[in-house]
Amino acid sequence: TPDTPPAFIWHTSPDPGVPVENSLNLASALSHAGVPFELHVFPVGGHGLGLAPNEPRVAQWAGLCQKWLVKEGYGRR
């Protein structure tokens with residue numbers, strides 16, 4: 001709906017707990033509803049990585065999210 005806030009989405013494609021299609025479907029629904037979003041899918045990693053200290057390629061999600069938050073008007077520039 002128009003009241004849905006912007007979303008930052010990240011997922012690992014080999015996640016055994018939640019299929020990556022869930023995030024792809026969410027992004028599609030947000031797009032169709034005109035809701036701003038940013039989606040990042042990483043080719044490595046599992047489920048529940050948190051800040052992903054042992055997966056450097058995935059760990060970049062936190063910095064990407066920080067940049068997105070600033071772009072959306074939240075946080076420091």
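The values are calculated or read from the model by the stated rules, or taken from the named source; none is laboratory data. No experiment lies behind these values; they were computed from the predicted model shown. Don't worry about glycine lacking a Cβ; one is built from the backbone with ideal geometry, like all the others, and counts go over all protein chains shown.
Note down all Cβ pairs under 7 Å where the first residue falls in region 63-77 and is within 13 Å of Trp10 (Cα to Cα), the second is surrounded by 13 or more Cβ atoms within 10 Å (Cβ to Cβ) and hydrophobic (A, V, I, L, M, F, W, C), and they're at least six residues apart or on different chains.
Cys65/Phe8; Trp68/Phe8
Using beta carbons and a limit of 9 Å, which pairs, at least six apart or on different chains, have the first residue in region 33-62 and among the basic types (Lys, Arg) and the second one not in a loop (DSSP other than H, G, I, E, B)?
Arg57/Phe42
Could you run through region 45-77 and say how many residues are farther than 15 Å from Ala7 by Cα and surrounded by 13 or more Cβ atoms within 10 Å (Cβ to Cβ)?
Total satisfying the criteria: 8.
Out of (1) surrounded by 13 or more Cβ atoms within 10 Å (Cβ to Cβ); (2) assigned to a loop (DSSP other than H, G, I, E, B); (3) at pLDDT 95 or above; (4) not hydroxyl-bearing (Ser, Thr, Tyr), what's the single condition that is false for Leu30?
(2)
Give region 33-42 a look and list any residue that's surrounded by 10 or more Cβ atoms within 10 Å (Cβ to Cβ) and assigned to a loop (DSSP other than H, G, I, E, B), or say none. So that I can check it myself, show each step before the final result.
Kept after step one, since they are surrounded by 10 or more Cβ atoms within 10 Å (Cβ to Cβ), are these residues of region 33-42: 33, 35-42.
Answer for region 33-42, where residues must be surrounded by 10 or more Cβ atoms within 10 Å (Cβ to Cβ) and assigned to a loop (DSSP other than H, G, I, E, B): Ala33, Val35, Pro36.
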